[in-house]
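Beneath this line is the structure, given in structure tokens, with notes to follow.
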Amino acid sequence: MLLLVGLGNPGPKYSRHRHSVGFRIADAIHARHRFGPWKKNFSAEIAEADIAGERVLLMKPTTYMNESGRAVAEAMRFYKLEPGNVVVIYDELDLPPGKTRIKTGGGAAGHNGIRSVAASIGLDFRRLRVGIGHPGHRELVHGYVLHDFAKADEAWLVPLIDAIAENVPLLVRGEDNSFANRLHAATKGPDEPEAGGGPPAPKRPPPKKGPDGSADASPPAAPPEAGEGPFARLRRLFGGS
């Protein structure tokens, strides 16, 4: 069994906050796959489904962010799971908006939900970090994360959430690199290279247009011969040697 946990704060007041993006992703996963109805257990809302041949328990802790680890630990004890059977989805200040990273282990980087989970079950669980950007100054962080996403953010946020929900079978199978590549492909800008590729190809100038508006296909003028100066060209033009 895989325990898939989205982090956030419960209640409609917090549902659009940057800090609750894990809840929003969990809801999208629930809607995309054949999960049963949400139920209350383990100090959380939970739902179950079979994905990619694996039983998945989807969880949204209702303990508020700072106590998220209590809900995760309760479910782990009941199902006799190890930290390696847990994936936690959460917001990450240190990644640009729309960028994601998936890894196993590591510190909390100031995230109270991850700090709580790590204190309850240890460090060796998988994390899907969803970049929300940084407000620029430490004193602005609290208000920034506990505030709704800006309307402009929906342009990258909605495709990213859809891509996570659609490709979650790869996450369930442990195919983290393929999962990350799918997310990159779904959210990259037009000038970004494919994941693992080189820099984008330089943009070519548009072709010149002829009098009738068609593309000018005439070849460019040939360069002068090597070593040929301006007087040599004039002599050749007027028949000189």
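Going from the residue with the fewest nearby Cβ atoms within 10 Å to the one with the most, R16, R127 rank R16, R127.
Using a simple spin-label model with pseudo-atoms 7 Å out from Cα toward Cβ, D162 and E139 lie 4.1 nm apart.
Cross-link pairs exceeding 24 Å between alpha carbons, from the set K13/K60; K80/K103; K103/K151; K39/K151: K103/K151; K39/K151.
Suppose a student asked you for the relative contact order of the stretch 2-187, using Cα pairs under 8 Å spaced at least 6 residues apart; what percent would you report?
26 percent
With kT/(6 pi eta Rh) evaluated at 25 °C and eta = 0.890 mPa s, and Rh the Kirkwood radius from Cα pairs, the stretch 2-187 diffuses with a coefficient of 151 µm²/s according to Stokes-Einstein.
Estimated from the Cβ-Cβ distance and a Förster radius of 41 angstrom, the FRET efficiency linking L95 and K39 is about 0.80. Note on the stretch 2-187: dipole from Cβ charges, positive end direction compared against S120, G36, G110; the farthest Cα belongs to S120. The distance between label points at K103 and R173 comes to 2.6 nm (points 7 Å beyond Cα on the Cα→Cβ vector). Per-residue Cβ neighbour counts within 10 Å put S178, S116, S43 in the sequence S178, S43, S116, beginning with the fewest. Take every DSSP beta bridge whose two residues both sit in the stretch 42-176; close to 70 percent of them are antiparallel. Note on the stretch 23-60 and the stretch 154-182: Cα centroid distance 16 Å, given to the nearest whole angstrom. Taking other C-beta atoms within 10 angstrom as a stand-in for reagent exposure, M1, M59, M76 fall in the order M1, M76, M59, fewest first.
None of the figures in this text is laboratory data; all of them are computed from the coordinates on show. None of these values were measured; they are calculated from a predicted model. Note that each Cβ is placed from the backbone with ideal geometry, even for glycine, and that neighbours are counted across all protein chains shown.
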